[in-house]
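The structure appears below as structure tokens.
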Amino acid sequence: MVNVEKTSNSILKKFSPSELKDYEERKIVFWYDRDKTAWDQEKNAPGEELEEIIQILKENNIKFYILDNNYFETKKLLEIEDKESNYLIYCPDKERSHESNWLFDIQLYSSIFEISRISDIKSEFDSLSQNSNHFYN
């Protein structure tokens, strides 16, 4: 189960224009949900909370794509068919090893979204360090 507001805000932050690097024209974010926190395992489909997040992404012109052992198709989509759109690539599984991950080269210039207590703590420290920079300037 995921907190829709907190999760969608964290995802949208990854796509904010301030997060774009000089060489980027769009954002691709990978979300490997190894614990299937947003996945309905009975239906083998996105859970209710994830459906709400997908709607929020659509409202912000971010495409949602499910990575389900369709690595070649995904690579073709991102590098040939649609080189302009922002994407959240969701995988209801753990990340493959680099050697067997056909998307590893894309991941090198993309971002990873995590939903865990550790990522919450990292994000909190990141925002604290950004806020403290204002004191020193």
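Readers should treat all values here as calculations from the given coordinates under stated rules, not as data from a laboratory. Here the structure is a predicted model, which is why all the values come from computation and not from measurement. When we count neighbours, we look across all protein chains shown, and the Cβ atoms used for this are built from the backbone with ideal geometry, even at glycine.
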Under Karplus coefficients 6.51, -1.76 and 1.60, residue-wise ³J(HN,Hα) of segment 28-35 in Hz, glycine/proline x
10, 10, 9, 10, 8, 9, 4, 8
Once label points are set 7 Å from the Cα along Cα→Cβ at both S97 and E24, what is their separation, rounded to one decimal in nm?
2.9
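Please arrange S97, S10 by how many other C-beta atoms lie within 10 Å of their C-beta, fewest to most.
Values: S97 8, S10 16.
Lowest to highest Cβ neighbour count: S97, S10.
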Residues meeting the amide H criterion for F113 (H placed from the backbone, H to H distance under 5 Å, 5 or more places apart or on another chain) are F30, W31, Y32
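List E52, E19 from most exposed to least, where exposure is judged by having the fewest other Cβ atoms within 10 Å. Please list the in-between numbers first.
Details: E52 17, E19 13.
Sorted ascending by nearby Cβ count, the order is E19, E52.
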Can you compute 3J(HN,Hα) from phi for each residue in segment 53-70, using the Karplus curve 6.51 cos²θ - 1.76 cosθ + 1.60 with θ = phi - 60°, rounded to whole Hz and x for Gly and Pro?
5, 4, 5, 5, 4, 4, 4, 10, 6, 10, 7, 10, 9, 8, 8, 9, 6, 10
Over 27 Å (Cα to Cα) among K6/K75; K14/K94; K6/K76; K14/K43 -> K6/K75; K6/K76; K14/K43
